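Below you'll find the structure, written out as structure tokens, and then a few comments.
The values are calculated or read from the model by the stated rules, or taken from the named source; none is laboratory data. Keep in mind it's a predicted model, so treat the numbers as computed, not measured. Here the Cβ is made from the backbone with ideal geometry for all residues, glycine too, and neighbour counts use every protein chain on show. The protein model used for the area step is the full one, side chains on, heavy atoms only, and it has no ligands, DNA or RNA in it. Shrake-Rupley method; radii C 1.70, N 1.55, O 1.52, S 1.80 Å.
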Amino acid sequence: MIKPLIFSLTLLLTLSTVAQQSFNSSSKSLSSPIVDENGNVTFSIYAPNAQNVSVFGDFSGSPATLVSDTTGLWSVTLSDVAPEYYIYQFNIDGLKIADPSNPYTKRDISTTWSTLMVPGDVTENYQVKDIPHGSVTHVWYDSPSVDSRRRMAVYTPAGYSDNSEPYPVLYLLHGMGGDEEAWLALGRTQQIMDNLIAQQLVTPMIVVMPNGNIDLEAAPGETSEGFVKPTIQLPHTMEGTYEHSFTDIVSFVDSVYNTIPSKNGRAVAGLSMGGFNSLNISALYPDMFDYVGLFSAAINPRANASDALFADREKLLARQFETAPKLYWIGIGKDDFLYDDNVKFRNLLDSNGYKYVYHESDGGHSWKNWRKYLQLFAPLLFRAGS
């Protein structure tokens, strides 16, 4: 009986030693990225057998080439990177990977990206600070319109559970390929709302972030389908089904949360596909939302969309603007591929005398703009006398 015990102890000690060596080995440990006080960012990766290594992300329009030293350590320093919250990847001889030395990653559709924060005025509201914090919950609701049980993320502001007064609601919609996690993970919505509310720049509100992919119940990995590969190639995208079913979401939220269940207590806004949804949902249900935000909005439905909603859009817009929304807000970047479609849509609004607020920014179709649009749009909502 003694020998098996000695063998077991020896095996455990051996495994423990191997594990400690694995965790404690510092010969190849790196800090990447490193951001200095001047906004210089150094990226590094250990790849001794690589021939070519570059780093690419939304901090630059083209990849940056890394240079190797004699040990196989590749690195590059980018100068004066503007303050922002960025995503990036390495490209090692054609293999695109997240930074193995950076534990901070986010999923965007089916790709995992490393994240990077360069501090500055732009990122002040993207950071977690010592202020009261709201809560985010993921809840499931029944959607009778599509005979499905679906998932959404809901932000409630600090003090919500202790306050008997009802709250207004912002319905914040993601773009194509996104899901109910997108505005939280990439849009920094919780941090933005916490900070703006703490600064008394924004009326405390509930923010509802549904899954806009009507063919999916929830984000990847959160359904009974298991770990299927995410895709944007879904049959019922931007063809009317989601717009018609949106009353299911509003009814659920009003029944479960302490809301102002009327037009003046609701806003709907979204980016890209979510802007398309916001445009059409608010036109389809003109008595439901007093505030509408189109962030880099897709304007046109998919080519094979046959829903009367789109054929009757001008008639629906006329009905919507008869009882003019308190705010109709449009924002887009000068380099956005949807810019021309937005110009045409604004011409339609102008030709009919429909009032709206327009914000044109630099850049294109990116989270850098959409986070800024949220910070411009949210302070305009639910103001007394507005």
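Report the calculated FRET efficiency for Thr137 and Asn40 (r = Cβ-Cβ distance, R0 = 51 Å), to the nearest 0.05.
That pair, Thr137 with Asn40, gives E of 0.80.
Per 5 Å bin from zero, what fraction in whole % of the C-alpha pairs of the range 99-193 is there, up to the bin with the longest pair?
Going from the shortest bin to the longest, the percentages are 2, 10, 16, 20, 21, 15, 9, 5, 2, 0.
Angle between the Cα long axis of helix 2-24 and the longest principal axis of the chain, 0 to 90 degrees, nearest 10?
The two axes meet at around 60 degrees.
Run the numbers for Glu360 and Tyr104: contour at 0.36 nm per residue of separation, minus the present Cα-Cα distance, in nm.
Extra length available between Glu360 and Tyr104 comes to 89.0 nm.
Evaluate E = 1/(1 + (r/R0)^6) for Asn52 and Thr247, where r is the Cβ-Cβ distance and R0 equals 41 Å; express this FRET efficiency to the nearest 0.05.
0.15
In the Gaussian network model of the chain, springs joining C-alpha atoms below 10 Å, which of Leu186, Leu279, Leu348 carries the largest mean-square fluctuation?
Leu348
Using a Gaussian network model of the chain whose springs link C-alpha atoms within less than 10 Å, name the residue from Phe227, Phe56, Phe246 with the highest mean-square fluctuation.
Phe227
Find how much the distance from Asp69 to Lys315 grows on full extension, using 0.36 nm per residue of separation minus their present alpha carbon separation; answer in nm with one decimal.
Computed gain between Asp69 and Lys315 is 82.0 nm.
To the nearest 10 degrees, how steep is helix 241-256 against the longest Cα principal axis of the chain, on a 0 to 90 scale?
For 241-256 against the chain, the angle is about 80 degrees.
Which percent of the accessible area of the chain is formed by carbon and sulfur heavy atoms (probe 1.4 angstrom)?
The computed percentage sits at 53.
At 1.4 Å probe size, what's the solvent-accessible area of Ile97? Round to the nearest 10 Å².
50
Would you please calculate the Kirkwood hydrodynamic radius of the chain over all C-alpha pairs and express it in Å, rounded to one decimal?
The answer is 23.1 Å.
What's the FRET efficiency of Thr77 with Asp130 using the Cβ-Cβ distance as r and R₀ = 35 Å, to the nearest 0.05?
Once rounded, the FRET efficiency stands at 0.65.
Helix-only mean residue ellipticity at 222 nm, the chain, DSSP H runs n ≥ 4 weighted -39,500 (n - 2.57), per residue, nearest 500. What is it?
-8000 deg cm²/dmol
In whole Å, what three semi-axes, largest first, describe the equivalent ellipsoid of the range 175-236 built from its Cα gyration tensor (square root of 5 times each eigenvalue)?
Output for the range 175-236: semi-axes of 29, 11, 10 Å.
Excluding ligands, DNA and RNA, what is the solvent-accessible area per residue of the chain at a probe of 1.4 Å, expressed in Å²?
I get 48 Å² per residue for the chain.
Going by alpha carbons, how many degrees (0 to 90, nearest 10) lie between the helix axis of 313-322 and the longest principal axis of the chain?
For helix 313-322, the angle is close to 70 degrees.
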